[in-house]
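One structure is given below, encoded as structure tokens.
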Amino acid sequence: MRCGKVLITGATGFIGSRLCERLSLHYRVPYRALVHNFGKAARIGRLGAEMVAGDLDDKASLSSALSGCDGVVHLAYGNNAGRAEKILLSACREAGIKRFVHISSMAVHGPNPGPECAREATATIGRYGEPYSDAKARAERVVQRAIDGGMPGIILRPTVVYGPYSPFVTRIVQDARAGAVSLIDEGKGVCNAVYVDDVCDAIYAALETDRGLGKAFFVNADRAVSWRDFNTTFAEMVRPLPRILNVSADAARAYWRSARPSLRSNLTALKRLAMSSDFHDQLATVPALRSAIRWTKVNLKKALSADRVNALKNIGAEHASPAAWTAWPDQGRIVREDFHLEFSNELAKTLLGWRPAYDFVAGAAVTRSWLEFARMLES
Amino acid sequence: MTSSAFEKPIRLGIVGCGAVAQICHLKALVTLRDYDIRYLCDRNLRTAEAAAQLYGLRAKITDRTEDLAGNVDAAIVCVWPRQHLPVTLDLLRMGLDVLCEKPVAASSADAAEMATAAESAGRIVAVGQWCRCQKNMWILRKLLALDFIGEVEEVEAEFGNILAWPMSSGAYFDRSITAGGVMFDGGIHVLDLVVWLFGDVAVVEYEDDSLGGVETNGVIRGTLSVNGRRVPCRIAASWTHDLRNGIRISGGKGRLEARFTERDVVTIHQEIGGERLESRIGPNGIAMPFRADNPYAAQLEDFAEAIRRRQPPITPIASTLLPLKIIEAAYSVRRPMLQPWVDAGPVTVCAAAKS
């Protein structure tokens, strides 16, 4: 089918903003961007894109945004996964939407998928106890039920999407600029990296073709790279070259288990809040509290020694030390990078008529041009 | 000097109570004794109420500008740029002094109309170009006057951050409401600073990244006239990434650098005897017409002083026309900025699959 106007949810995000650029400049498809937070909309603001305010919790705003559209690309992801899709799909049914393209994720197969997940026909979706995977799986199940009930839809499961503005890339470059980048288990994990333009092309194909209706597709490059290659490629664009550190996945998991909230960590956080000057400033906007805070500060200074006052000011400061935080990869990284399965993209090629245009070297080169522009690298 | 505790506070109204009023002006106002905030006016009453609640103000809430007449001495205008002209003219007709947010107007012609109206009414119109109210910029001006780095050879001024301003609509990106993109935001701040220090910029070239909407990155290259010599200058602004955020002036005997984040320091880079030296100069001993470190508070101190003494403020409207004219000149020679990551890549969907 040839779509008319398309509503894009999540239009101000990393993939959404690039999709808007491609729709405006390359695909020439009319679209409307659903915007939850206009403060993040600068990148699509430069396109002159049609923007409407909307909230996935608010069906009335969605119904209004869908007016005049016959396609939807659903990229938004938030805290209400599953519920948000139910509301959106209900609005889509009422609006008579002719094509619903849901952007899911390879994460629906969990943090440690078996080999059966390499191809769509045998790939399973479950509950894994891992928040991101579970949320994406919950959302996809809702969409799949709607498709089974007659919604003309296609599900795309992109893998690790990178490119200009990618948080995966900027995290590496920021770490490298700070002096060190970590690898998990020597970076031996499989990185199913796919360049953002290839994902946009797959979305465009899903809007255009009828051959994949009702199906789910992996959107992946032709060949995976290792996480060592992915991390070091971007890290080594930085001068001076950063140190490359190794962290074992088991040790990182053990660290995060030990870092779960305890009574002590809660008390420390409360003390830190009580001593925060930003918090005092905010409280001081209440006139009655303003004088009370001033009185307390003056009298505490009189009553306590200078050392004791400084000690109070520094409560929790040891926990805020960058060194303490940067040593351990966050839990999302552990899930992504301790990963050992390469996904196939054959079905998308066969049915959607899509081809990835970028291998990792080409995608990294384009990304580099943006990193230089954005002053994250010396040009 | 400013704000005596014995002087009667100036009765103040704020017109437009959105983000800039709440985050910048009111935050500074509640630290000063110069003003008595009497009215918060916004076409959306809930926005005005939120502003009052945020700072525990007992000001009257209204959506009618005319309610200010006779009830306040001065007003701060924080509405959308294209509304600056009609709102300011209304306030001048009420006999009020006005501090108008930047950009003072959507065009230099509108700004000139406002300046003429202010003069005819005998009222003060100051403009929210806060860079001129930051201590290190006064230090910088003094060092330039003292010929600290010799003949000026190059000037670079940049203002860029990832845009993270709270917004309730897409008006920021709508040319029918705002005047332009980042050049009317961070761009006009650095441009105003350069003009304040050196005078007019002759625009040689300008590029931005607009692809049909407002620009989120813009760069002006031009020349200044310093002591009769042409000096190259570069002015850049960004909503997508961090820039240097300050001004850098290179001269025959060294380089001066003042950043927006280090409000009372100018850094001097010099090479003496083959060694590179860096020194930092603070405000001690340099006369300034305000006391506050926060430039918004300093600007409000200066506005109060201008009202009480009936003297020109640091940022009189007449002095803010030139930066607008420079942006207009830049837009007239605009060329697209190179963005290879935007243009890259063919569309890789086979025509055969489009059934």
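The values are calculated or read from the model by the stated rules, or taken from the named source; none is laboratory data. In this text, all values refer to a predicted model and were calculated from it rather than measured experimentally. Cβ sites come from the backbone with ideal geometry, for glycine too, and all protein chains shown count toward neighbours. SASA here: full protein model, heavy atoms, side chains in, ligands and nucleic acids out. Shrake-Rupley method; radii C 1.70, N 1.55, O 1.52, S 1.80 Å.
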Which one of these is more than 21 Å from B:SER319 (Cα to Cα) and open to solvent by 10 Å² or more (accessible area, probe 1.4 Å): B:PHE173, B:PHE198? B:PHE173
Hey, can you tell me all the residues within segment B:50-65 that are more than 16 Å from B:ILE23 (Cβ to Cβ) and open to solvent by 40 Å² or more (accessible area, probe 1.4 Å)? B:ARG58, B:LYS60, B:ILE61, B:ASP63, B:ARG64
Just one of the numbered conditions (1) more than 14 Å from chain B (Cβ to nearest Cβ); (2) open to solvent by less than 30 Å² (accessible area, probe 1.4 Å); (3) more than 18 Å from A:VAL199 (Cα to Cα) is not true of A:ASN79; which one? (2)
Quick check on A:GLY45: is it over 19 Å from A:TYR162 (Cα atoms) and either in contact with a helix residue (DSSP H, G or I) (Cβ under 9 Å, 6 or more places away or on another chain) or open to solvent by less than 10 Å² (accessible area, probe 1.4 Å) (or both)? yes
Candidates A:ARG336, A:ARG294, A:ARG355, A:ARG375, filtered to the one that is at pLDDT below 80 and surrounded by 12 or more Cβ atoms within 10 Å (Cβ to Cβ): A:ARG294
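One line per residue, one yes/no per condition, for (1) polar (S, T, N, Q); (2) in contact with a strand residue (DSSP E or B) (Cβ under 9 Å, 6 or more places away or on another chain); (3) at pLDDT 95 or above; (4) surrounded by fewer than 18 Cβ atoms within 10 Å (Cβ to Cβ):
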{"site": "B:PHE303", "(1), (2), (3), (4)": "no, yes, yes, no"}
{"site": "B:ARG308", "(1), (2), (3), (4)": "no, yes, yes, yes"}
{"site": "B:GLN311", "(1), (2), (3), (4)": "yes, no, yes, yes"}
{"site": "B:ILE314", "(1), (2), (3), (4)": "no, yes, yes, no"}
{"site": "B:LEU324", "(1), (2), (3), (4)": "no, no, yes, no"}
{"site": "B:ILE327", "(1), (2), (3), (4)": "no, yes, yes, no"}
{"site": "B:TRP341", "(1), (2), (3), (4)": "no, no, no, no"}
{"site": "B:GLY345", "(1), (2), (3), (4)": "no, yes, no, no"}
{"site": "B:ALA351", "(1), (2), (3), (4)": "no, no, no, yes"}
Could you go through segment A:47-57 and let me know if any residue there is away from every other protein chain (no Cβ under 14 Å), farther than 30 Å from B:ALA237 by Cβ and of a type outside the set (Lys, Arg). yes
Provide a single number: the residues in segment A:87-117 that are in contact with a strand residue (DSSP E or B) (Cβ under 9 Å, 6 or more places away or on another chain) and surrounded by fewer than 18 Cβ atoms within 10 Å (Cβ to Cβ). 1
Candidate set from segment B:28-49 (those that are out of contact with any strand residue (DSSP E or B) (no Cβ under 7 Å at 6 or more places or on another chain) and at pLDDT 95 or above); member that is most open to solvent (accessible area, probe 1.4 Å): B:ARG43
Only one of (1) among the small types (Gly, Ala, Ser); (2) under 25 Å from A:THR367 (Cβ atoms); (3) part of a helix (DSSP H, G or I) fails for A:ALA269. Which number is that? (2)
Just one listed residue, out of A:ILE172, A:ILE203, A:ILE154, is at pLDDT 95 or above and away from chain B (no Cβ under 14 Å), and it is A:ILE172
Among the strands (runs of 3 or more DSSP E) contained in segment B:145-254, which hold 3 or more residues that are within 26 Å of B:GLU101 (Cα to Cα), aliphatic (A, V, I, L, M) and more than 14 Å from every other protein chain (Cβ to nearest Cβ)? B:201-208
Can we say B:GLY128 is within 21 Å of the chain's Cα centre (by Cα), within 12 Å of another protein chain (Cβ to nearest Cβ) and modelled with pLDDT of 95 or more? no
Kindly indicate whether any position in segment B:110-125 is in contact (Cβ under 8 Å) with a residue 60 or more places away in the chain, buried (at least 22 other Cβ atoms within 10 Å of the Cβ) and within 14 Å of another protein chain (Cβ to nearest Cβ). no
Quick count over segment A:358-372, residues being surrounded by fewer than 20 Cβ atoms within 10 Å (Cβ to Cβ) and not in a helix (DSSP H, G or I), is 1
If a residue counts only when it is on the phi < 0 side of the Ramachandran plot and open to solvent by 10 Å² or more (accessible area, probe 1.4 Å), which strands (runs of 3 or more DSSP E) contained entirely in segment A:173-257 have at least 3 such residues? A:243-247
